[in-house]
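To keep things clear, I will list the structure first and then write my remarks on it.
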Amino acid sequence: MKYAILSSSFDAFCRLSDYAGAGNYEPFDAPSDAVAAVVSRRCDALLVDRAYVLAEDAQKRAAAVAYIIAYGGSVVTPDGVLGGPAA
């Protein structure tokens, strides 16, 4: 599985890249770019350290997760799956 990584800090990015494994991830700075990578199937899932990195607003965050799931992707944290086929 290839992950699009979106993190809140450099330390979080290091933890997420270790979780994903060498060569199994692509880092992103902007939530819209990370979502686009999963929706386009360039990556299989979005890996985030905290759900709020997608959007501060809960409705926008839920919409982003639903959009990813609608296109067959998943949203994953190291603690579990927020939604999608990986669940």
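Values as computed for the structure displayed
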{"item": "Sparse-neighbourhood loop sites, chymotrypsin sites (Phe, Trp or Tyr not before Pro) in region 37-83 - DSSP loop, at most 16 other Cβ within 10 angstrom", "result": "Tyr71"}
{"item": "Whole-percent carbon and sulfur share, accessible surface of the chain, 1.4 Å", "result": "50 percent"}
{"item": "Computed [θ] at 222 nm, helices only, for the chain once each DSSP H run of length n ≥ 4 contributes -39500 (n - 2.57)", "result": "-11500 deg cm²/dmol"}
{"item": "Average accessible area per residue (Å²) across the chain - probe 1.4 Å, nucleic acids and ligands excluded", "result": "54 Å²"}
{"item": "Structure-derived Cα extents along the principal axes in Å: which label, when the choices are [x] 40, 32, 23; [y] 38, 27, 24; [z] 29, 24, 22", "result": "[z]"}
{"item": "Of the trypsin sites (Lys or Arg not before Pro) in the chain, those whose Cβ has at most 14 other Cβ within 10 Å and which sit in DSSP loop", "result": "Arg41, Arg42, Arg50"}
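The values are calculated or read from the model by the stated rules, or taken from the named source; none is laboratory data. In this text the structure is predicted, and so the values were computed from the model without any measurement. As a convention, Cβ positions derive from the backbone with ideal geometry for all residues, glycine included, and neighbour counts pool all protein chains shown. Note: areas computed on protein heavy atoms with side chains; ligands, DNA, RNA excluded. Shrake-Rupley method; radii C 1.70, N 1.55, O 1.52, S 1.80 Å.
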